[in-house]
1. Let me confirm something: among B:72, B:95, B:53, which residue is surrounded by 18 or more Cβ atoms within 10 Å (Cβ to Cβ) and either within 13 Å of the chain's Cα centre (by Cα) or within 23 Å of residue B:180 (Cα to Cα) (or both)?
2. Residues to consider are B:236, B:256, B:224, B:192; find the one that is in contact with a helix residue (DSSP H, G or I) (Cβ under 9 Å, 6 or more places away or on another chain) and within 14 Å of chain A (Cβ to nearest Cβ).
3. Take the residues in segment A:255-273 that are within 20 Å of residue A:306 (Cβ to Cβ) and at pLDDT below 75; name whichever of them is nearest to the other protein chains (Cβ to nearest Cβ).
4. Go through B:25, B:55 for me and flag whichever is touching a residue at least 12 places away in the same chain (Cβ under 8 Å) and assigned to a helix (DSSP H, G or I).
5. How many residues are part of a helix (DSSP H, G or I) and crowded, with 20+ Cβ neighbours inside 10 Å if we restrict to segment A:167-183?
6. Report every pair of residues separated by at least 6 positions or lying on different chains whose Cβ atoms are under 6 Å apart, first residue within segment A:112-131 and surrounded by 15 or more Cβ atoms within 10 Å (Cβ to Cβ), second outside any helix (DSSP H, G or I) and at pLDDT 95 or above.
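The values are calculated or read from the model by the stated rules, or taken from the named source; none is laboratory data. All of these numbers come straight from a predicted model, not from anything done at the bench. Cβ sites come from the backbone with ideal geometry, for glycine too, and all protein chains shown count toward neighbours.
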């Protein structure tokens with residue numbers, strides 16, 4: 001592949017969903033040998049744009065040119081694939097009931113005939129070895145049995161795997177959202193190697209550091225338009241945030257929060273099942289407690305144990321107030337996909353809205369409308385289906401569900417995956433205000449910036465608590481150090 | 001080692017076979033003479049058509065649909081086989097092929113119009129019943145000789161030195177063949193992955209450039225094909241026909257798929273499990289008879305067996321996340 005060859009260009013692309021104007025005249029070009037970073041708020045149109053490029057959405061207006069050919073009329077998934085354009089979508093597109101090898105076969109029509117299973121297994125395994133050395137995924141594993149990080153790894157490896165058509169452009173939509181720092185680093189290194197070898201990548205991420213570090217050129221989207229596009233070297237973190245249209249709040253603002261003394265009886269306490277020493281998780285009223293460490297080290301299980309303890313006695317955990325959970329894997333644990341935004345928000349609070357024997361629809365509507373305004377859920381009507389919202393806005397609706405309930409303790413399972421910086425700042429502010437008012441938050445997060453909002457941080461490794469850091473002891477080095485090193489013998 | 005054997009994944013896969021084995025041991029305990037070639041032939045005779053109907057149902061469940069018309073369709077095949085296939089074989093064959101084509105058309109209709117399969121196939125069940133009555137208004141007819149002969153086939157005994165002759169009953173051989181064929185087609189072929197994937201994540205299959213219309217038509221066509229085999233096997237056993245002879249097959253086949261480790265949604269099915277599930281259901285009737293449970297209570301007791309097995313599976317599933 002020669003460098004600088006134009007792979008794909010979009011020319012004045014428009015796309016509307018009902019009243020929502022998702023794309024308003026977008027121009028975009030991508031050449032071989034470049035990594036194009038794409039940033040913007042939730043609902044800025046990034047995902048829609050990627051769907052257009054991948055061929056899963058047809059634009060209302062505009063032209064699509066691939067390698068110089070105008071393919072606007074015939075462009076669909078099959079054409080995109082045959083032209084070497086692949087996409088890793090934010091909502092994963094693996095079949096959970098199939099094995100890793102079988103999922104590779106779904107993607108590659110040429111993997112058939114005798115021995116296809118072995119070839120498919122080798123294809124995906126080689127790519128996994130190349131991108132994520134030491135991944136410990138077997139081709140015979142059923143995808144549904146893998147955790148979210150491993151599923152994401154399989155999906156990424158599959159997009160880069162080659163059979164009969166070469167891969168020219170891979171679109172990665174929030175690829176690191178479910179990966180921990182090590183895996184994310186491996187992926188971004190691979191992206192750099194792939195681009196250096198003449199491939200092209202469009203990288204969508206809310207982690208601006210990732211974008212600035214990996215991308216050669218950065219495009220900023222706002223309200224369905226491209227508002228800026230320059231070489232990555234000309235941007236800084238602040239200028240990117242400014243271009244996205246949100247006020248660049250200093251990250252230090254949150255650090256101004258002073259440590260509170262821990263006194264009185266805790267509202268929640270828990271001990272992981274495999275904990276050998278006496279360490280336990282303790283949360284007091286009004287605290288924000290962080291669960292840190294690499295992905296999948298037992299933090300989610302801890303939250304589940306706390307959630308279960310609210311309903312029945314448990315050896316692992318005890319809580320003294322009602323509990324609500326904000327799910328991280330919103331497609332499987334969070335939303336009711338057939339319901340409206342309103343019903344999704346009010347489901348945890350229905351008991352308060354009963355009049356006589358029935359739920360009062362007016363109270364439901366009032367609650368949903370209040371929260372729509374309060375946290376700015378981008379929709380013309382809360383009666384719309386929840387799936388009409390972009391990913392980040394669906395997550396906001398889940399926050400509204402938890403914060404709108406009477407729960408005194410809110411458990412959060414890495415809920416800010418794939419949420420833009422502006423929304424994050426809004427939610428952090430809301431969490432702080434709610435904590436001041438006496439709510440307790442227990443927050444699993446893989447992002448260091450989010451831990452800075454916590455009063456107390458527990459670091460997890462291998463299903464156990466390995467460090468217990470009060471706010472003034474918290475540093476990135478300490479968290480990283482305890483996440484990686486083995487316990488002293 | 002023991003941890004691997006007792007892992008939920010292995011337990012879940014072994015549960016259908018284990019249920020059948022426990023039931024066999026119970027039958028042996030109640031009536032040792034039943035565990036003989038003749039006993040097996042008698043107990044598992046009807047397992048062949050039920051296993052075929054279960055595989056047909058499994059094809060439909062794989063693509064997240066449910067076929068409430070399979071029993072009536074098997075009855076239709078029985079009636080066609082006992083009349084047209086006996087008198088004028090060409091017309092009979094044409095009618096049977098027509099049945100499969102109609103099944104494929106139903107699959108296409110369900111996909112294109114995005115209709116609930118339960119409603120469409122329930123409607124189709126009346127169509128099949130009506131057609132069967134048109135073909136054979138009163139019970140009667142006669143099975144083609146070759147079908148009756150096939151179902152009565154006795155495989156040659158295998159001499160085992162120092163023990164005697166081993167007579168493997170035909171129903172067992174038939175069940176193994178059905179299970180292997182269905183397993184290879186759905187679980188081992190490359191297109192089988194696409195078919196199951198279209199039940200697991202239809203959107204992903206479509207995005208990868210496959211036709212969901214085609215997968216649905218193929219699976220409904222396969223259901224029609226295996227349903228036809230079920231009807232032919234049934235008429236070979238009963239030798240004469242009646243329109244509602246296979247009425248119970250609809251629910252038996254669904255129960256068989258679920259008993260065999262399948263799920264209603266998500267493309268999670270097991271052909272081998274489905275055949276074992278069908279045999280378990282078939283065996284439960286002689287078991288209940290040996291227990292001297294009156295026939296009025298037997299269907300209820302069959303349901304109780306189903307609930308016990310599914311409860312065990314639920315327990316295994318709950319063990320999963322803690323591992």
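1. Working: B:72 fails: either within 13 Å of the chain's Cα centre (by Cα) or within 23 Å of residue B:180 (Cα to Cα) (or both); B:95 fails: either within 13 Å of the chain's Cα centre (by Cα) or within 23 Å of residue B:180 (Cα to Cα) (or both).
Result of the check over B:72, B:95, B:53: B:53.
2. Values: B:236 fails: within 14 Å of chain A (Cβ to nearest Cβ); B:256 fails: within 14 Å of chain A (Cβ to nearest Cβ); B:224 fails: within 14 Å of chain A (Cβ to nearest Cβ).
The match here is B:192.
3. At the first step, the residues of segment A:255-273 found to be within 20 Å of residue A:306 (Cβ to Cβ) are A:262, A:264-273.
If we keep only those that are at pLDDT below 75 as well, we get A:262, A:264.
Working: A:262: 31, A:264: 33 Å.
This residue is A:262.
4. Working: B:25 fails: touching a residue at least 12 places away in the same chain (Cβ under 8 Å).
Criteria check complete, one pass: B:55.
5. Narrowing segment A:167-183 to residues part of a helix (DSSP H, G or I): A:181-183.
The next check asks that each one be crowded, with 20+ Cβ neighbours inside 10 Å; those that pass are A:183.
The qualifying residues number 1.
6. none
Each row is one residue, and each column tells you yes or no for (1) touching a strand residue (DSSP E or B) at 6+ places or on another chain (Cβ under 8 Å); (2) within 17 Å of residue B:218 (Cβ to Cβ); (3) without any contact (Cβ under 8 Å) to a residue 24 or more places away in the chain.
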| site | (1), (2), (3) |
| --- | --- |
| B:68 | no, no, no |
| B:94 | no, no, yes |
| B:109 | no, yes, yes |
| B:117 | no, yes, no |
| B:122 | no, no, no |
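Condition check ((1) in contact with a strand residue (DSSP E or B) (Cβ under 9 Å, 6 or more places away or on another chain); (2) closer than 26 Å to residue B:83 by Cα; (3) at pLDDT 85 or above) across all residues:
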{"residue": "B:144", "(1), (2), (3)": "no, yes, yes"}
{"residue": "B:151", "(1), (2), (3)": "no, yes, yes"}
{"residue": "B:166", "(1), (2), (3)": "yes, no, no"}
{"residue": "B:171", "(1), (2), (3)": "no, yes, yes"}
{"residue": "B:192", "(1), (2), (3)": "no, no, yes"}
